[in-house]
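Heads up: the structure comes next, in structure tokens.
The values are calculated or read from the model by the stated rules, or taken from the named source; none is laboratory data. This structure is a prediction, so every number in the text was calculated from the model and none was measured. Note that we place each Cβ from the backbone using ideal geometry, even for glycine, and neighbour counts take in every protein chain shown.
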């Protein structure tokens, strides 16, 4: 079986953008990614689009929209993927499967979302569809409320970790200052993140505004190619491993304070890659809420259950720590346009591996982990990437 690798990418800024819709966002990155890869549109064999939508726009059928800005792609097979907040990774992994199966040599992956055209109330309801509505559909303030309940359960079991959540928020906002694509390039500091105030109120107690990721517009694209094609191109980022593990959707049927699916995905990734966490130079993880990043420390194996606070207190996840986590600023600072997020996280990893991350750069980054999840750790994707060329 041929192994596929990433050979090019593109990324818009994230935030409240002037682009009117997903079509225009995808148009911005699709051509740029192909140009970055050194691939002509005539060489693309498949297109894989990640857009959640689910009510953000009445216009669906996003896979067919990529060719509207690139007439050369009109007859290329195109498919849209949706897997909640892991939609972008679902599109990327499907493109990798397409190339590695031998069905094509080059695939274009585009992830995008236009969220800011809806009101906060509408957006909250749309995002709640990533939970089990039969049991969780009445959760106040939507998906933030779901994670607020997770935080409450975690605190009841392991003690109040509000200070550690504030330190995670402060870390990611501090890191985001260096990310030119980030929606919120501002260092708020620990004291602001740790206090409840008019500017930092509770959104879903114990989660404050600084504990919650942003409503965002944005797009990112990646070009993947088979080994023979990649050998003649300028760059090649390979997957040492990639794992996808699901968990049951209703939180009532599992321990919400333990991301079991994420833990299994990380265990499989480390085993398949033949590495330990000490071999990784950094991780980009899915901090949709700060409580998620705290529990993910435990799921990836940085700390025992209930002891993720040690990672925070010991500075392990800081840029200068033993395993920097989210040097890009994460979803917390960079923004979280749902369909674009998984693709964006892999682009951030590629920038690090190519030593192109600017002020975000972790020196001598050679092996990078990415964790992207859909829902409350329901669809769990772990990639471990390395530079081949």
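Descriptive notes on the structure:
Yes/no per residue for (1) within 25 Å of residue 58 (Cβ to Cβ); (2) at pLDDT 95 or above:
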position	(1), (2)
98	no, yes
103	no, yes
109	yes, yes
112	yes, yes
117	yes, yes
120	yes, no
133	yes, yes
137	yes, no
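The rows are residues; the columns are (1) at pLDDT below 95; (2) surrounded by 17 or more Cβ atoms within 10 Å (Cβ to Cβ); (3) over 26 Å from residue 379 (Cβ atoms).
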residue	(1), (2), (3)
27	no, yes, yes
53	no, yes, no
56	no, yes, no
61	no, no, no
66	no, yes, no
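- Set 242, 235: member being closer than 30 Å to residue 32 by Cα, modelled with pLDDT of 95 or more, out of contact with any helix residue (DSSP H, G or I) (no Cβ under 6 Å at 6 or more places or on another chain) and not in a loop (DSSP other than H, G, I, E, B): 242
- Residues in the range 215-231 include none that are within 26 Å of residue 14 (Cα to Cα), without any contact (Cβ under 8 Å) to a residue 60 or more places away in the chain and surrounded by fewer than 22 Cβ atoms within 10 Å (Cβ to Cβ).
- Hey, residue 248 outside any helix (DSSP H, G or I), touching a residue at least 40 places away in the same chain (Cβ under 8 Å) and surrounded by fewer than 16 Cβ atoms within 10 Å (Cβ to Cβ) or not: yes
- Residues within the range 150-161 that are at negative phi and either surrounded by fewer than 20 Cβ atoms within 10 Å (Cβ to Cβ) or at pLDDT below 95 (or both), tallied: 7
- When residue 269 is tested against (1) out of contact with any strand residue (DSSP E or B) (no Cβ under 8 Å at 6 or more places or on another chain); (2) buried (at least 23 other Cβ atoms within 10 Å of the Cβ), just one condition goes unmet, and that condition is (1).
- Residue check for residue 17: touching a residue at least 12 places away in the same chain (Cβ under 8 Å) and in a helix (DSSP H, G or I): no
- With respect to being farther than 23 Å from residue 90 by Cα and outside any loop (DSSP other than H, G, I, E, B), residue 219 falls outside the description.
- Residue match in the range 279-290 (condition: surrounded by fewer than 21 Cβ atoms within 10 Å (Cβ to Cβ), more than 30 Å from residue 37 (Cα to Cα) and modelled with pLDDT of 95 or more): no
- In summary, residue 207 fulfils each of the numbered conditions (1) under 21 Å from the mean Cα position of the chain (by Cα); (2) in contact (Cβ under 8 Å) with a residue 60 or more places away in the chain; (3) closer than 28 Å to residue 358 by Cβ with the single exception of condition (3).
- Residue in the range 355-367 that is buried (at least 18 other Cβ atoms within 10 Å of the Cβ), without any contact (Cβ under 8 Å) to a residue 40 or more places away in the chain and out of contact with any strand residue (DSSP E or B) (no Cβ under 6 Å at 6 or more places or on another chain) present: yes
- Flag if residue 200 is part of a helix (DSSP H, G or I) and at pLDDT 95 or above: no
- Segments classed as strands (runs of 3 or more DSSP E), wholly inside the range 272-389, with at least 1 members that are over 15 Å from residue 171 (Cα atoms): 367-374, 379-387
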